[in-house]
Amino acid sequence: MNLNVKSAVWLRIAVVYFAVGVVLGVGMGASGDFTLSPAHAHINLLGWVSMGLFAVVNRLWPATSQGKLALVQFWLYNLALPVMLASLAAKLVGFTAVDPLLGLASVLVAVGVLLFAVQVWRTVAR
Ligand code: HEM
């Protein structure tokens with residue numbers, strides 16, 4: 001994937017999470033039901049804030065967006081995060097059977113973050 005395209009895709013996905021997270025926040029405020037508060041926080045922070053930062057880092061340090069590791073990190077994070085957030089929301093409303101899925105997806109998201117850290121350390125000075 002072209003490096004500017006990768007940065008733009010991160011940003012486009014990030015603003016979708018931002019919209020969903022903020023709409024959920026307004027919904028919680030309006031209803032007075034804060035059950036999904038941790039889901040709202042993680043949509044905003046792992047979705048909007050973290051992905052927005054991936055976009056900015058990729059744009060400012062283009063080498064961080066290049067290579068196989070960056071591609072694996074992109075797909076791992078983007079596939080695991082929605083599963084983690086959906087299963088977190090399901091757990092919060094009482095479907096505790098999703099616990100193993102939540103655990104697995106959380107570990108994969110964390111691996112995606114570790115890969116990002118490795119990628120930055122490897123390439124940022126180039
Ligand atoms: C219009 C925008 C937003 C609205 C209306 C909103 C609304 C809320 C509400 C109603 C709560 C629950 C408060 C409670 O439990 O007493 C909350 C919690 C929280 N929000 Fe937001 N929020 C917004 C944007 C954001 C953004 C942009 C972030 C992060 C980047 C964020 C991060 C958090 C965090 C960390 C919590 C605490 C979660 C917890 O204690 O489990 N919020 N928000």
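The values are calculated or read from the model by the stated rules, or taken from the named source; none is laboratory data. This is a predicted model, so every value here is computed, not measured. Methodologically, a virtual Cβ is constructed for each residue, glycine included, from the backbone with ideal geometry; neighbour enumeration extends over all protein chains shown. Areas reflect the complete protein model, heavy atoms only, side chains present, ligands, DNA and RNA absent. Shrake-Rupley method; radii C 1.70, N 1.55, O 1.52, S 1.80 Å.
Structural remarks
- Any hit, segment 90-108, residues being among the acidic types (Asp, Glu), modelled with pLDDT of 95 or more, farther than 15 Å from Val120 by Cβ and in contact with a Lys or Arg (Cβ under 9 Å, 6 or more places away or on another chain): yes
- Residue list for segment 32-46, filter: under 17 Å from Ile13 (Cβ atoms) and within 9 Å of the ligand (Cβ to nearest atom): His42, Ile43, Asn44, Leu45
- Scan of segment 69-93 for residues that are under 15 Å from Val111 (Cβ atoms) and of a type outside the set (A, V, I, L, M), ordered by number: Gln73, Phe74, Trp75, Tyr77, Asn78
- Single match in Val109, Val49 (criterion: closer than 18 Å to Ile13 by Cβ and within 16 Å of the ligand (Cβ to nearest atom)): Val49
- Failed item in (1) among the hydrophobic types (A, V, I, L, M, F, W, C); (2) away from the ligand (no atom under 15 Å from the Cβ); (3) at pLDDT 95 or above; (4) over 13 Å from the mean Cα position of the chain (by Cα), with Val9 passing the rest: (4)
- Pair list, Cβ under 7 Å, 6 or more apart: segment 8-27 residue closer than 18 Å to Trp61 by Cα, other residue open to solvent by less than 80 Å² (accessible area, probe 1.4 Å) and of a type outside the set (Gly, Ala, Ser): Trp10/Met51; Trp10/Phe54; Trp10/Asn58
- Summed over segment 55-84, the residues that are of a type outside the set (Ser, Thr, Tyr) and either on the phi > 0 side of the Ramachandran plot or in contact with a Leu (Cβ under 9 Å, 6 or more places away or on another chain) (or both) give a count of 18.
- Selected residue (only one of Leu85, Leu71 is closer than 22 Å to Val15 by Cα and either among the aromatic types (Phe, Trp, Tyr) or exposed (fewer than 15 other Cβ atoms within 10 Å of the Cβ) (or both)): Leu71
- Filtered by the rule that a residue be more than 14 Å from Pro82 (Cα to Cα) and in a helix (DSSP H, G or I), segment 16-37 gives Ala19, Val22, Val23, Leu24, Gly25, Val26, Gly27, Met28, Gly29, Ala30, Ser31, Ser37.
- Restricting segment 57-75 to residues that are hydrophobic (A, V, I, L, M, F, W, C) and either free of Cβ contacts under 8 Å to residues at least 12 places away in the same chain or near the ligand (Cβ under 9 Å from one of its atoms) (or both), the residue that is farthest from Ala89 (Cα to Cα) is Leu60.
- Residue that is nearest to Leu92 (Cα to Cα) [pool: residues in segment 1-47 that are of a type in the set (Ser, Thr, Tyr) and open to solvent by 40 Å² or more (accessible area, probe 1.4 Å)]: Thr35
- Output for segment 55-68, where each listed residue is within 17 Å of Trp121 (Cβ to Cβ) and open to solvent by less than 10 Å² (accessible area, probe 1.4 Å): Asn58, Thr64, Ser65
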